[in-house]
Amino acid sequence: MADLLPAQGEWTADDYLWLTRDTRRLIELADGWIEELPMPTDTHQRIIGYLYRTFFEMLTPRGSLVRFSGLKVRLAEQRFREPDVLVLLDPHDVRHGEAYWTGADLVVEVISPSNADHDRVTKRVEYAEAGIAEYWIVDPPSETVTVFVLDADAAGSYREYGRYATGAVLTSPLLPDLMVPVEGVFTAF
């Protein structure tokens with residue numbers, strides 16, 4: 001069976017969409033390469049649940065869309081990622097799709113210890129290049145959340161808006177009325 005699949009580096013978007021249509025694995029496509037993501041831990045799921053509920057309670061009454069992984073986001077022709085939490089402020093945004101979105105206004109990644117640089121470096125670059133306005137990196141070991149916004153002076157890159165630790169209240173330039181006690185991110189249920 002393996003000899004029927006494309007070689008690493010030769011996967012297309014169609015191949016990826018076929019592979020992920022009926023799987024329960026977390027898989028991303030990066031320029032022809034298939035990347036299997038680590039399965040989330042209980043802490044990872046707890047953080048995603050807390051942030052999802054926070055966004056959902058605030059944004060869905062306004063009509064915004066809030067989703068969590070494994071919804072795919074197509075960032076480029078041959079690049080798909082599965083952010084932990086995704087937000088589209090306008091429910092009629094053309095980036096909203098059934099099988100996958102073609103962008104988002106805000107994405108959140110909770111760092112997995114086995115591939116922390118992937119979220120801090122690789123995905124940060126990719127999300128910025130795709131024009132996602134705001135990117136949050138949640139780091140459970142250090143109990144910090146870093147918020148990045150697109151840099152108006154450097155197209156396709158982010159600048160750090162703020163790094164928030166336990167005891168602080170996280171704010172968002174995209175959502176000015178959002179205030180998230182960071183302690184809740186790491187200690188909720």
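Quick notes on this structure:
- Which listed residue, of 149, 138, 125, is assigned to a strand (DSSP E or B) and surrounded by fewer than 20 Cβ atoms within 10 Å (Cβ to Cβ): 149
- Failed criterion for residue 143 (all others in (1) surrounded by fewer than 19 Cβ atoms within 10 Å (Cβ to Cβ); (2) more than 27 Å from residue 61 (Cβ to Cβ); (3) in contact with a Leu (Cβ under 9 Å, 6 or more places away or on another chain) hold): (3)
- Scan region 120-139 for residues that are modelled with pLDDT under 95, more than 16 Å from residue 74 (Cα to Cα) and not β-branched (Val, Ile, Thr) and the total you get is 1.
- Inside region 155-180, residues that are over 23 Å from residue 128 (Cα atoms), in a loop (DSSP other than H, G, I, E, B), open to solvent by 40 Å² or more (accessible area, probe 1.4 Å) and of a type in the set (Gly, Ala, Ser) make up a count of 1.
- Restricting the search to strands (runs of 3 or more DSSP E) fully inside region 1-109 and requiring at least 2 residues that are modelled with pLDDT under 85 and open to solvent by 30 Å² or more (accessible area, probe 1.4 Å) gives 33-36.
- Close Cβ contacts (under 7 Å, 6 or more residues apart or on different chains) running from residues in region 158-178 that are of a type in the set (A, V, I, L, M, F, W, C) to residues that are assigned to a loop (DSSP other than H, G, I, E, B) comprise 165/143; 174/105; 174/133; 178/172.
- Matching residues, region 90-112, being of a type outside the set (Phe, Trp, Tyr), free of Cβ contacts under 8 Å to residues at least 40 places away in the same chain and within 21 Å of residue 156 (Cβ to Cβ): 93, 94, 95, 102, 103, 104, 107, 109
- As for region 83-100, it holds no residue that is farther than 28 Å from residue 39 by Cα and among the basic types (Lys, Arg).
- Cβ-Cβ under 6 Å pairs, at least 6 apart or on other chains, region 58-76 side without any contact (Cβ under 8 Å) to a residue 60 or more places away in the chain, far side aromatic (Phe, Trp, Tyr) and assigned to a helix (DSSP H, G or I): 66/55; 66/56; 68/52
The values are calculated or read from the model by the stated rules, or taken from the named source; none is laboratory data. Given the structure is predicted, the values throughout are model-derived calculations rather than measurements. For neighbour counting, all protein chains shown are included, and Cβ atoms are generated from backbone atoms with ideal geometry for every residue, glycine included. Ligands, DNA and RNA are excluded from the accessible area calculation, which covers all protein heavy atoms including side chains. Shrake-Rupley method; radii C 1.70, N 1.55, O 1.52, S 1.80 Å.
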